[in-house]
Each structure stands twice: as C-alpha cells, then as structure tokens.
Amino acid sequence: MRGQPRVLLVDGHALLAEAVAAALRADGLDARRADLTSREELVAAVEADPPDLVLLDLDLAGAVGEGTSLVQPFARTCTRVLVVSTEHRGTRIGTALEDGAVGHITRSVPLQELVTAVAATLRGDEVMPPTGRQALLDELRTTRERDAATRRPFERLTTREQQVLRELANGKVVATIAEEWGVSASTVRSQVRGVLAKLGVSSQLEAVALATRSGWLVDGDTDQPVVRGA
C-alpha cells in the first residue's frame with residue numbers, strides 16, 4: 001500500500017521551511033527539510049531515494065550551490081520539481097522551467113496557497129498557466145539573444161587584443177603593459193585602438209565598462225599566456 005506522498009524541501013530559510021513542512025504534514029503529506037551540508041550528499045540522497053516532489057528554493061546559496069543548478073539533477077530523478085523564489089518573473093525562473101521544473105510559485109503567496117500548489121502539483125495539475133510558462137521561456141530566449149548580440153563584437157578581437165583589454169580591466173596603463181610584455185608602447189597603443197574600433201567605443205574606460213556589462217570579462221578565458229615580444 002502506497003504511503004503518504006513525500007515532499008522534500010530544499011530551502012535555505014530554515015524557520016520558514018519548517019513552517020511550510022508542518023503545514024504540508026497537516027495536509028496529509030510526508031514533508032521534511034533537506035540537509036544542506038553538502039551538495040554532493042544532497043543530490044546523492046535524492047537519487048538514492050527520490051521523493052514525490054522537491055520544493056526547491058531558487059534563492060538558495062551556500063554549500064549546496066545556487067538553487068538553479070539543482071533543478072536538472074533533481075528533475076532527472078524526481079517525479080516533480082516545484083521551484084519557489086522571491087521574484088515572479090526573470091531568467092532564473094525560465095532557466096529552471098527549461099531544466100525540468102514543473103512550475104514556479106512566488107515566496108510571497110499565503111502559506112495555504114503554497115500548500116494548495118504543492119498538492120496540485122502532486123496530482124499532476126498545472127500550477128501556472130501555459131501562457132505564463134511560455135512567457136518566462138520567451139523572456140529567457142530574448143535575454144540570451146540580447147546577451148549574445150552584446151558579446152558578438154568581442155569575438156572579433158584577436159588574442160592579443162583580448163589580452164590588452166583584460167590588462168586594461170585590471171587597471172594597467174599602456175606603458176606598464178608594454179614593459180611587462182617586452183614590446184613598445186606604440187605597439188600596445190595600436191592594439192588598444194583595434195579594441196576600441198571593433199567594440200565601437202571611443203575610450204579605454206568605455207571598452208572596459210562594456211566588457212564588464214556584457215559578462216565577457218567573467219566568461220572569457222583569463223588564462224591565456226602572454227608571449228613577451230609578440
């Protein structure tokens with residue numbers, strides 16, 4: 001005979017999670033908060049004994065990582081993953097839905113509404129309208145397309161120009177870069193002009209600001225070796 005549906009709360013807000021778990025238990029569900037000591041142990045525990053539903057906090061951080069990074073491993077092993085966050089829209093939610101979450105609910109809803117949403121999800125009902133789900137996925141796609149367009153000019157930079165831009169972002173001036181690389185200052189200035197032209201900006205400050213806003217400085221390869229005199 002099948003027992004009570006099991007709900008695992010993966011939530012960094014301990015007191016709130018315990019309150020939600022208590023409300024779910026009062027509604028006839030077997031609910032408990034997960035141990036958040038280790039990401040590896042958490043994922044392994046879910047894989048070894050999958051609950052019927054994971055109620056996942058997208059605002060999660062700390063030892064187990066960001067909530068969005070847990071959607072895929074949970075969705076592979078659990079029947080359902082319902083995500084909770086403080087915002088009602090945004091790319092994080094779209095990413096979670098794309099990665100396998102069955103729905104999203106905001107943390108600001110009344111407790112009973114959250115309990116009702118969990119029960120509905122366990123029954124296989126939709127907790128968000130298809131139009132709302134599609135709108136979030138469309139927002140994610142649009143954001144990715146915009147980000148890709150913003151980063152496209154950086155793909156035109158030569159390896160040396162990329163290195164120059166990173167050095168500028170680190171606060172170095174042309175003379176220092178030239179000395180460290182064993183080249184003339186005019187060579188570095190020429191490379192800087194190439195960076196500005198390809199990025200469509202008029203100053204080193206603008207180039208660094210654009211690289212920062214676009215995420216290029218974070219996502220790019222920061223370990224490219226610099227060959228002296230090249």
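Take the conditions on the phi < 0 side of the Ramachandran plot, surrounded by 13 or more Cβ atoms within 10 Å (Cβ to Cβ) and at pLDDT 95 or above and apply them to Ala211. Does it pass?
Values: on the phi < 0 side of the Ramachandran plot: yes; surrounded by 13 or more Cβ atoms within 10 Å (Cβ to Cβ): yes; at pLDDT 95 or above: no.
For Ala211, the condition - on the phi < 0 side of the Ramachandran plot, surrounded by 13 or more Cβ atoms within 10 Å (Cβ to Cβ) and at pLDDT 95 or above - is not met.
Residue under question is Ala44, and the condition is that it be on the phi < 0 side of the Ramachandran plot, more than 21 Å from the chain's Cα centre (by Cα) and surrounded by 19 or more Cβ atoms within 10 Å (Cβ to Cβ); does it hold?
For Ala44, the condition - on the phi < 0 side of the Ramachandran plot, more than 21 Å from the chain's Cα centre (by Cα) and surrounded by 19 or more Cβ atoms within 10 Å (Cβ to Cβ) - is not met.
Would you check which residues across the stretch 157-184 are without any contact (Cβ under 8 Å) to a residue 40 or more places away in the chain, hydroxyl-bearing (Ser, Thr, Tyr) and out of contact with any Gly (no Cβ under 8 Å at 6 or more places or on another chain) and list them?
The answer is Thr176, Ser184.
Determine whether Gly94 is touching a strand residue (DSSP E or B) at 6+ places or on another chain (Cβ under 8 Å), surrounded by 16 or more Cβ atoms within 10 Å (Cβ to Cβ) and either assigned by TED's automatic domain parsing to the domain that holds Asp35 or modelled with pLDDT under 90 (or both).
Values: touching a strand residue (DSSP E or B) at 6+ places or on another chain (Cβ under 8 Å): no; surrounded by 16 or more Cβ atoms within 10 Å (Cβ to Cβ): yes; either assigned by TED's automatic domain parsing to the domain that holds Asp35 or modelled with pLDDT under 90 (or both): yes.
It is false that Gly94 is touching a strand residue (DSSP E or B) at 6+ places or on another chain (Cβ under 8 Å), surrounded by 16 or more Cβ atoms within 10 Å (Cβ to Cβ) and either assigned by TED's automatic domain parsing to the domain that holds Asp35 or modelled with pLDDT under 90 (or both).
Taking the stretch 15-41 only, how many residues are assigned to a helix (DSSP H, G or I) and under 19 Å from Leu82 (Cβ atoms)?
11
When residues of the stretch 136-192 are filtered for being assigned to a helix (DSSP H, G or I) and over 31 Å from the mean Cα position of the chain (by Cα), how many remain? Please lay out each step first, then the result.
First pass over the stretch 136-192, keeping only residues assigned to a helix (DSSP H, G or I): 136-156, 159-169, 174-181, 185-192.
Checking the rest, the ones that are also over 31 Å from the mean Cα position of the chain (by Cα) come to 174-181, 185-192.
Selection size over the stretch 136-192: 16.
Of everything in the stretch 134-161 that's modelled with pLDDT under 90 and of a type in the set (Lys, Arg), which residue is surrounded by the fewest Cβ atoms within 10 Å (Cβ to Cβ)?
Ranking the candidates gives Arg146 first.
Within the stretch 99-126, work out how many residues are among the aliphatic types (A, V, I, L, M), surrounded by fewer than 18 Cβ atoms within 10 Å (Cβ to Cβ) and free of Cβ contacts under 8 Å to residues at least 60 places away in the same chain.
The qualifying residues number 2.
Would the stretch 170-187 turn up any residue that is under 30 Å from Gly94 (Cβ atoms) and of a type in the set (Val, Ile, Thr)?
No, because not a single residue in the stretch 170-187 is under 30 Å from Gly94 (Cβ atoms) and of a type in the set (Val, Ile, Thr).
I'm trying to understand the selection: among the residues of the stretch 47-71, which are part of a loop (DSSP other than H, G, I, E, B) and more than 22 Å from the chain's Cα centre (by Cα)?
Within the stretch 47-71, Asp49, Pro50, Pro51, Asp52 qualify.
The values are calculated or read from the model by the stated rules, or taken from the named source; none is laboratory data. Given the structure is predicted, the values throughout are model-derived calculations rather than measurements. A quick note on method: Cβ atoms are made from the backbone with ideal geometry, for glycine too, and the neighbour counts reach across all protein chains shown.
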